[in-house]
Amino acid sequence: MNFFEKLIMNSPIRKIFLRKVEAPILKDLSGSLEGMRVLEIGCARGHSTKLVLDFLKASSVVAIDLDPDSIEKAKKNLSKYSSDRVQFHVGDIANLQFPDESFDAVIDFAALHHVPDWQSGILEIKRILKPGGLFLFEEVTRQWLNWWFAKMFFVHPLENRFSYLDLIAELNLRGLEVKSNFVVRGKGDFIFGAAVKK
Ligand SMILES: C[S@@+](CC[C@H](N)C(=O)[O-])C[C@H]1O[C@@H](n2cnc3c(N)ncnc32)[C@H](O)[C@@H]1O
């Protein structure tokens, strides 16, 4: 993320949006994550991780981000939780350092669109999910990334981006079944969904 995106992602406005809009939509799609061991990909400073614990009620969360500075800040921000409930690591979505079938759920708040080879990320998510495991996602599509404002102020990979239909098709193809369990917002700019590993 560039300076501007970091500023927005770490702002109180982002926190409010996560709590009031994004997490409730995912909860409507999936129900609570009670009893589940969850991997969060692209956790930044942990604002979303806190919601996975307190609002979605995951039993425990392992949260990763590519950016070491964000991971250090997330550790400080969530230092009141025990290491049984939450752990933070530097890690890459496209090369997850976890054994096969080791999580009940994976949650993605707007991180996969940062991965140049997002298809590899999907294969990795599928690999580390248990059979029947859940993949919950809130994603930003090619349509939004092509908006002049996004191009001017943010830095994203611009090749090999997905529309919401591309993302659903790839998930279904790789055995993360979405069916009709998704909602589209902003006329196709954003997608929220819940997939189940077959
Ligand atoms: C748009 S921010 C979203 C942050 C947070 N989930 C939220 O919703 O507020 C995307 C995050 O993904 C992280 N990220 C980008 N590429 C990644 C990768 N390959 N593996 C892990 N994290 C990555 C970035 O460092 C950034 O913190």
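Points worth noting:
- Prolate/oblate/rounded call for the stretch 1-113, Cα gyration tensor, a/c under 1.5 rounded: rounded
- Candidate lysines for bridging to residue 151, where Cα separation is under 17 Å - those fewer than 8 sequence places away on the same chain excluded: 6
- Beta bridges by DSSP in the chain, antiparallel share as percent, to the nearest 5: 45
- Residue 84-residue 147 pseudo-label distance in nm [points 7 Å out on the Cα-to-Cβ vector]: 4.4
- Overall form of the stretch 71-148 per C-alpha gyration tensor (a/c, 1.5; a/b vs b/c): oblate
- Whole-Å distance, taken between Cα centres, linking the stretch 1-49 and the stretch 110-126: 17
- Phi angles of the stretch 10-24 translate, via the Karplus equation with coefficients 6.51, -1.76, 1.60 and θ = phi - 60°, into HN-Hα couplings of 9, 8, x, 5, 4, 4, 5, 4, 4, 6, 8, 10, 6, 4, x Hz per residue; Gly and Pro are given as x.
- Where only C-alpha atoms are counted, convex hull volume of the stretch 84-198 per residue in Å³: 112
- Segment residue 32..residue 69, full-extension length gain: 10.3 nm, with 0.36 nm per residue of separation and the alpha-carbon distance subtracted.
- Under the Karplus curve 6.51 cos²θ - 1.76 cosθ + 1.60, θ = phi - 60°, whole-Hz ³J(HN,Hα) for the stretch 146-159, x wherever Gly or Pro sits: 8, 5, 4, 5, 5, 5, 6, 9, 10, 10, 9, x, 10, 8
- Förster radius 30 Å - calculated FRET efficiency between residue 97 and residue 54, Cβ distance, rounded to 0.05: 0.70
- Only helical runs count toward this figure. For the chain, summing -39,500 (n - 2.57) over DSSP H runs of n ≥ 4 and dividing by all residues gives -9500 deg cm²/dmol at 222 nm.
- Mean-position separation - Cα centroids, the stretch 146-168 and the stretch 69-94, in angstrom: 27
- The Cα atoms of the stretch 147-198 define a convex hull whose projected area, averaged across directions, is 4.3 nm².
- For residue 115, residues with placed amide H under 5 Å, excluding near neighbours: none
- Computed from phi, the 3J(HN,Hα) profile of the stretch 37-44 under the Karplus parametrisation 6.51, -1.76, 1.60 (θ = phi - 60°) reads 8, 10, 9, 9, 9, x, 7, 6 Hz, with x in place of Gly and Pro.
- Cross-link pairs exceeding 22 Å between alpha carbons, from the set 80/126; 15/198; 130/179; 27/126: 80/126; 15/198.
- Listed residues 35, 7, 49: farthest to the positive end of the dipole of the stretch 1-61 (Cβ charges): 7
- The charge dipole of the chain, taken about its Cα centre with unit charges on the Cβ atoms of Lys, Arg (+1), Asp and Glu (-1) only, comes to about 580 debye.
- Highest-first arrangement of 8-15, 41-48, where packing means the average Cβ count within 10 Å: 41-48, 8-15
- Amide H to amide H, with H built 1.01 Å from N, residue 61 comes under 5 Å of 38, 86, 87, counting only residues 5 or more places away or on other chains.
- Taking the C-alpha atoms of the chain, convex hull volume expressed per residue in Å³: 107
- FRET E, pair residue 11, residue 198, Förster distance 30 Å, beta-carbon r, rounded to 0.05: 0.20
Each reported figure results from applying straightforward, stated rules to the coordinates on display, with no laboratory input. Since the structure is predicted, the reported quantities are computational estimates derived from the model, not experimental observations. Every residue, glycine among them, receives a Cβ derived from its backbone with ideal geometry; neighbour counts consider all protein chains shown.
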